[in-house]
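The values are calculated or read from the model by the stated rules, or taken from the named source; none is laboratory data. The model shown is predicted, which means the values in this text are computed figures rather than measured ones. Please note: Cβ atoms are built from the backbone with ideal geometry, for glycine as well, and neighbour counts cover all protein chains shown.
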Amino acid sequence: MIMKITVRRTPKAIEVKNLEEVWEPLQSEEFFRAIGLFMFRFSQLKYQIKSTLASYLKLRDDQFDVVVGPYDFAMLCTVAEKTIKLDFDKEFHSTLKTFFNKCRKLNQEVRVVVTHGSWTTGGA
């Protein structure tokens, strides 16, 4: 069963007289598992990009968090793209750019919304 998730980016006054009307649809185990699975996979993607960047910069383990840790995801993608691009011929650049553009889009359109949005199940 696929569950539709509706996202509201702006706060809206709660007009629900009974809190259970809001809470019960959110108790779906499948709903929470889907969110958890997405966040887990996204964190793995972020770590892989950090790890690849650290490898290209030839960082020691004790330098890893200090150098790659402070970047938010979008900036991490930009820094990794620019750094990795230096080692490849121009034919690979468009593939690399496409990959990191997809990563940024996933971050902006899904991760930011899931993390910071207000969502409900089933409808508007």
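Screening the range 83-124 for residues that are of a type in the set (F, W, Y) and either assigned to a helix (DSSP H, G or I) or surrounded by 16 or more Cβ atoms within 10 Å (Cβ to Cβ) (or both) and picking the one that is modelled with the lowest pLDDT gives F92. Within the range 65-82, the set of residues being under 17 Å from Q44 (Cα atoms), among the acidic types (D, E) and outside any loop (DSSP other than H, G, I, E, B) comprises just one member, D65. In this structure, I5 qualifies as surrounded by 14 or more Cβ atoms within 10 Å (Cβ to Cβ), under 22 Å from K105 (Cα atoms) and modelled with pLDDT under 90. Cβ-Cβ contacts under 8 Å between residues 6 or more apart (or on different chains), taken from a first residue in the range 27-55 that is closer than 13 Å to L76 by Cα to a second residue that is at pLDDT below 90, are listed as T52/I84; L53/T83; L53/I84. Scanning the range 58-82 for residues that are in contact (Cβ under 8 Å) with a residue 24 or more places away in the chain and surrounded by 15 or more Cβ atoms within 10 Å (Cβ to Cβ) returns F73, L76, C77, V79, A80.
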